[in-house]
Amino acid sequence: MKLRQKIIFLAIVPLILALCAIALAVRHQAISLGQQQRATIQAAYLASKEAELKHYVALATRSIAHLYDSGRNDQATLDEAKAILAKLSYGDDGYFFIYDMQGKSLMHPRQPELVGRDLWDMKDANGSMTIQHLIERAKNGGGFERYLWEKPSSHHVAPKLGYVVALPKWGWMLGTGIYLDDVDDALNKIDAQVSGNIRNTMWWIAGIAILSALVVGASGLVLNISEHRVADAKLKVLAQRVVRSQEEERARLSRDLHDGISQWLVSIKLQIEAGITRLDNCPQHAAAARSTFERTAGQLNDVLGEVRRISHDLRPAILDDLGLAAALEHLTQEWLEHAGIPIIFKHTGNTDGLPAVANTVLFRIAQEALTNIARHSQATQIEVLLQGPVLQNQPQAITLAVQDNGVGFDVDKIDGNPKRGIGLRNMVERLEAVGGHLDIMSSTAGTRVLATISHTSYV
């Protein structure tokens, strides 16, 4: 996997993981909220139903209060009370029932077949003694009781919440109740709605995750294409610079060889031929031939000097043998001899820790700076300063400064022109290759080129 693909992958994976974590957290919170909402609704609904049952029973007792408070206990009075209560039905599944304290059914509007039967030992589907529990609840002052009973509207056994009170003067247990399957249906609808909302939320989060991953991937692809194009353009420009620099260096060497060494060698050849002719034609001209050969030997020395100069420009041997400081000092001496511009070289601190490649970079920067001064600056004074750390606790950095008092130039304008400033850009690129930094300050008072290589770049 390529680096760019790894970057895109590392960008998408945390995003997907974060969205998955968010989805799990949202799902957990939604389920918890749904459960709390269900419990709250159930409690509120049951509380309202319990209050409603109490009101129904209170209504029933008030409807027969004139009979119950009369003190009569004859069969006619009891039958009249039963008739009144039998008519107080509310809906298909809302009715009142009456049992005596021994479990005998006295009135049941929806199930008349139970009337007159002894249901004391009756058990529901869960094995609970339904009638006994209801009677016990009534004897204890009345209250609510849960049990299973056949629902009249559906003829299916359903959970029921009953409320019973005792009528001790008549030995009755009076009660009513509501079936809880309606409550369960309402709560199940709420659960279904919550589950649907959670499912829809998960789909939304999944869609957002997929869309985000696609956007990140597409953005990374566009960025890769853009960066690839920029990198290609930079490589082309760099290749052109390298080729141009090579051609310029070859042209310079060609000029040096053609204008210097080649002409001297031709002159030496002609002089040698002239000396040989003199010796062959007239031995008396030996003195003149000797003078010619001596002049030729001098020119040979000049040719050797020129060859050494060209070799020195390509790679000075003193740089490898004696180090950077000695090579720069020799360069300034040669500069003074050839250019005739006063130049001062100063060396402070310890500069022996640089590797060979860093020494070469700083030497080439000094060469390029002096070449630019000769071509453009019109300077009358040059100073070259090589400075290293003096003490061990000082910042470990080596600097090379080349300063002149010439006319200066516009640094920003040169940097913005792709056809100019090739030498300056070469200096910058050379330094960056070894972890260094180049600062150029120029004004009408002169130019200062400062090259810095830190300790971390060469240790």
*Count - residues of region 108-121 that are in contact with a strand residue (DSSP E or B) (Cβ under 7 Å, 6 or more places away or on another chain) and surrounded by 14 or more Cβ atoms within 10 Å (Cβ to Cβ)*: 4
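So that you can scan it fast, the table gives a plain yes or no per residue for (1) open to solvent by 60 Å² or more (accessible area, probe 1.4 Å); (2) at pLDDT 80 or above; (3) touching a strand residue (DSSP E or B) at 6+ places or on another chain (Cβ under 6 Å):
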| site | (1), (2), (3) |
| --- | --- |
| MET1 | yes, no, no |
| GLN5 | yes, no, no |
| LEU19 | no, no, no |
| GLN29 | yes, yes, no |
| LEU46 | no, yes, no |
_Residue within region 55-63 that is open to solvent by 70 Å² or more (accessible area, probe 1.4 Å) and under 60 Å from the mean Cα position of the chain (by Cα) present_ = no
*Given (1) open to solvent by 70 Å² or more (accessible area, probe 1.4 Å); (2) at pLDDT 80 or above; (3) part of a loop (DSSP other than H, G, I, E, B), number of the condition HIS437 does not satisfy*: (3)
*Quick one: which of THR348, THR360 is within 17 Å of LEU400 (Cβ to Cβ) and surrounded by fewer than 14 Cβ atoms within 10 Å (Cβ to Cβ)?*
THR348
*Which number in (1) under 22 Å from ILE398 (Cβ atoms); (2) modelled with pLDDT of 70 or more; (3) surrounded by fewer than 16 Cβ atoms within 10 Å (Cβ to Cβ) marks the one condition that ALA274 misses?*
(1)
*What tally of residues in region 316-338 results from selecting those that are charged (D, E, K, R), surrounded by 12 or more Cβ atoms within 10 Å (Cβ to Cβ) and farther than 13 Å from GLN367 by Cα?*
1
*When you go through GLY340, GLY353 one by one, which is the residue that is of a type outside the set (A, V, I, L, M) and either in contact with a helix residue (DSSP H, G or I) (Cβ under 7 Å, 6 or more places away or on another chain) or under 17 Å from GLY436 (Cβ atoms) (or both)?*
GLY353
*Can you pull out the residues in region 123-143 that are surrounded by fewer than 19 Cβ atoms within 10 Å (Cβ to Cβ) and within 22 Å of ALA65 (Cα to Cα)?*
LYS139, ASN140, GLY141, GLY142, GLY143
*Would you check if THR61 is out of contact with any strand residue (DSSP E or B) (no Cβ under 8 Å at 6 or more places or on another chain) and at pLDDT 90 or above?*
no
_Residue satisfying condition, being open to solvent by 70 Å² or more (accessible area, probe 1.4 Å) and either modelled with pLDDT under 70 or part of a helix (DSSP H, G or I) (or both), within set ARG244, ARG252_ = ARG244
*Would you pick out the residues in region 79-102 that are of a type outside the set (Lys, Arg) and not in a loop (DSSP other than H, G, I, E, B)?*
ASP79, GLU80, ALA81, ALA83, ILE84, LEU85, ALA86, PHE96, PHE97, ILE98, TYR99, ASP100
_Of the criteria (1) open to solvent by less than 70 Å² (accessible area, probe 1.4 Å); (2) within 15 Å of GLY171 (Cα to Cα); (3) part of a loop (DSSP other than H, G, I, E, B), which one SER105 fails_ = (3)
*Just one of (1) charged (D, E, K, R); (2) without any contact (Cβ under 8 Å) to a residue 24 or more places away in the chain; (3) not in a loop (DSSP other than H, G, I, E, B) trips up ARG137, so point out which.*
(2)
*Would you mind telling me which numbered condition in (1) within 43 Å of the chain's Cα centre (by Cα); (2) not in a helix (DSSP H, G or I) GLN193 fails?*
(2)
*asked:* Just to be sure before I move on: is GLY196 of a type outside the set (Asp, Glu) and either at pLDDT below 75 or surrounded by 13 or more Cβ atoms within 10 Å (Cβ to Cβ) (or both) in the structure I sent?
replied: no
*Of everything in region 366-391 that's under 15 Å from GLY340 (Cα atoms) and in a loop (DSSP other than H, G, I, E, B), which residue is least open to solvent (accessible area, probe 1.4 Å)?*
ALA379
*Single unsatisfied condition, ALA166 versus (1) at pLDDT below 90; (2) buried (at least 16 other Cβ atoms within 10 Å of the Cβ); (3) among the aliphatic types (A, V, I, L, M)*: (1)
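The values are calculated or read from the model by the stated rules, or taken from the named source; none is laboratory data. Since the structure is predicted, the reported quantities are computational estimates derived from the model, not experimental observations. Please note: Cβ atoms are built from the backbone with ideal geometry, for glycine as well, and neighbour counts cover all protein chains shown. Heads up: the accessible areas ignore ligands, DNA and RNA and are worked out on the full protein's heavy atoms, side chains in. Shrake-Rupley method; radii C 1.70, N 1.55, O 1.52, S 1.80 Å.
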